[in-house]
1. So, in the range 388-442, exactly how many residues are basic (Lys, Arg), part of a helix (DSSP H, G or I), open to solvent by 100 Å² or more (accessible area, probe 1.4 Å) and closer than 30 Å to ALA466 by Cα?
2. Within the range 391-440, track down each residue that is among the aliphatic types (A, V, I, L, M) and either in contact with an Asp or Glu (Cβ under 8 Å, 6 or more places away or on another chain) or in contact (Cβ under 8 Å) with a residue 24 or more places away in the chain (or both).
3. So ALA271 clears everything in (1) open to solvent by less than 50 Å² (accessible area, probe 1.4 Å); (2) more than 30 Å from ARG124 (Cα to Cα) except one condition, right? Which one?
4. Please state which of the following conditions LEU212 fails to meet, knowing it meets all the rest: (1) within 38 Å of the chain's Cα centre (by Cα); (2) open to solvent by 50 Å² or more (accessible area, probe 1.4 Å); (3) not polar (S, T, N, Q).
5. Mind checking whether some residue in the range 450-468 is open to solvent by less than 90 Å² (accessible area, probe 1.4 Å), in a helix (DSSP H, G or I) and touching a helix residue (DSSP H, G or I) at 6+ places or on another chain (Cβ under 8 Å)?
6. Just wondering, is there one or more residues in the range 175-197 that are open to solvent by less than 20 Å² (accessible area, probe 1.4 Å), within 10 Å of ALA272 (Cβ to Cβ) and touching a Lys or Arg at 6+ places or on another chain (Cβ under 9 Å)?
7. Test of understanding: among ALA314, ALA283, ALA239, which residue is at pLDDT below 90 and either open to solvent by 70 Å² or more (accessible area, probe 1.4 Å) or of a type in the set (Ser, Thr, Tyr) (or both)?
8. If I ask for residues that are within 44 Å of the chain's Cα centre (by Cα) and closer than 17 Å to ALA234 by Cβ, which ones from the range 175-186 would you list?
Amino acid sequence: MSDLIDDPIEGENAPEFSVSELSGAIKRMIEGEFSHVRIKGEIGRVSFPRSGHVYLDLKDDRSVIAGVMWKGVAARVATRPEEGMEVVATGRLTTFPGQSKYQLVIEDLKPAGVGALMAMLEKRKAMLQAEGLFEQGRKRPLPYLPEIIGVVTSPSGAVIRDILHRLRDRFPRKVMIWPVAVQGEQCAPQVANAIEGFNQMTQGGGMPRPDLIIVARGGGSIEDLWGFNEEIVARAAVASDIPLISAVGHETDTTLIDFVSDKRAPTPTAAAELAVPVRLEIAGWVEEQGARMTRSLGQALSLREQRLRDLSRAMPRADALLQTPRQRLDGAGDALPRALQAGVQSRRVVLSEKGGTLRASTPMRMIETRREALGRRADRLTPVGLSRDIERRKEKVADMSRRMADAGTRQVQKLGDRLAATDRMRETLSYRATLERGYAVVRGDGDLVRTAVQAGGASEIEIEFADGRLKVGQGAVVAPVAEAAAAAPKPKTKPKPKKPDAPEQGSLF
């Protein structure tokens with residue numbers, strides 16, 4: 001047979017396999033022999049496609065094995081794979097027949113010891129430091145006396161009891177506890193959510209917003225404290241608007257949150273001491289400051305009192321200070337009338353001199369000058385403008401005339417009312433109203449007569465009635481009132497009434 005054709009040699013036992021049969025046999029053999037393996041190596045290439053799976057390479061100094069973490073495994077693995085990280089991967093080997101490859105299906109992934117964790121921590125620290133998150137200028141000062149303190153920790157541990165006990169001893173404050181897991185896979189997301197939750201609270205709401213946050217945990221190994229080294233926790237602390245104190249572990253324990261927090265406390269108890277001052281120390285300081293203020297006021301008053309006494313002894317008496325001004329005032333008072341007379345006289349002389357310098361020609365020259373200026377201005381005037389101005393002035397004069405007529409009418413009416421009221425008052429107060437009631441005014445020799453004796457001594461008697469006056473001749477007999485009334489002759493003719501005169505002071509009869 002030809003060498004070009006495969007012809008089995010008689011006596012040989014060499015079975016033939018198809019490609020699929022051989023690939024399936026290899027797959028069954030590899031998965032059967034390596035169904036559970038643990039591989040230690042360094043992570044090389046890592047990819048995170050949108051499907052949620054993770055593809056990576058595990059390598060050492062000579063070989064490379066491809067690995068894959070399915071979506072469900074990648075979601076629950078505590079350590080996020082990063083290039084250059086040394087890890088221990090647990091899973092099973094399988095093949096990929098389509099490309100004649102084998103790969104490790106990873107079911108668990110952990111850092112390979114403390115060294116790997118520290119290397120990963122240093123890498124994260126360098127990344128955050130390069131972003132400037134460790135700078136002191138970014139950190140906020142702590143409030144001197146916070147009203148409400150938020151504590152992120154486990155509610156069942158000794159940490160919260162230590163913090164509450166220390167706050168009660170120093171300065172009791174309101175404390176809000178946000179319970180979280182302080183180790184394990186849920187530690188980092190719960191701590192980050194607690195910090196964000198405290199910041200989302202509002203001032204004065206049903207759950208008031210704290211003025212200070214303390215993230216606290218007791219001591220432990222680096223694996224126990226690893227949740228506080230996660231990037232999500234560090235960035236939540238950086239984004240917090242509320243000042244934050246980190247108190248994770250003991251004095252020698254350092255986590256990533258310690259570098260980004262506003263203040264790092266070596267222990268949870270020390271965090272409580274940083275949060276509030278000592279109330280007794282404040283009370284003592286206030287009392288001391290009050291005593292110092294009292295002493296200072298007393299000393300200041302004493303010094304001012306002594307200074308006032310010194311100045312009072314150095315100052316002259318009030319009489320001595322006022323003696324000279326009083327003399328100057330008296331002299332000025334005596335000289336003032338003479339100065340006024342002299343000033344008036346000097347101004348009178350100046351006025352006479354100015355009046356004498358005026359001549360008749362001067363007003364004429366002024367009139368001619370004004371006339372020329374008026375002529376120049378008249379050339380610029382136009383009849384149209386003058387007509388409009390005249391019309392405006394006419395309207396203004398007419399308006400003023402109407403207003404003046406109205407005002408004059410109102411004024412005349414007002415004065416008439418006042419005159420009528422005054423006349424009525426005059427009639428009321430006049431003695432003639434009394435004469436209308438039957439009384440009379442007696443005059444003797446032009447003077448009022450108040451007694452019968454005065455009437456007897458008068459050469460002529462005049463009696464004024466309401467309707468006129470009656471004169472009685474010389475030698476008239478004065479009789480008692482009743483007899484005089486009976487003997488009085490009745491007038492034959494009614495006398496012509498005269499304009500009443502204002503009576504002088506006297507009696508009315």
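1. Qualifying residue count for the region: 3.
2. ALA433, LEU435, ALA440, listed by residue number.
3. Condition not satisfied by ALA271: (2).
4. Result: LEU212 fails condition (2) only.
5. no
6. Scanning the range 175-197, I find no residue that is open to solvent by less than 20 Å² (accessible area, probe 1.4 Å), within 10 Å of ALA272 (Cβ to Cβ) and touching a Lys or Arg at 6+ places or on another chain (Cβ under 9 Å), so the answer is no.
7. ALA314
8. The one that is within 44 Å of the chain's Cα centre (by Cα) and closer than 17 Å to ALA234 by Cβ: VAL180.
The values are calculated or read from the model by the stated rules, or taken from the named source; none is laboratory data. From a predicted model like this one, the values you see are computed outputs, not experimental measurements. Heads up, the Cβs are rebuilt from the backbone with ideal geometry, glycines too, and the neighbour counts pull from every protein chain shown. The protein model used for the area step is the full one, side chains on, heavy atoms only, and it has no ligands, DNA or RNA in it. Shrake-Rupley method; radii C 1.70, N 1.55, O 1.52, S 1.80 Å.
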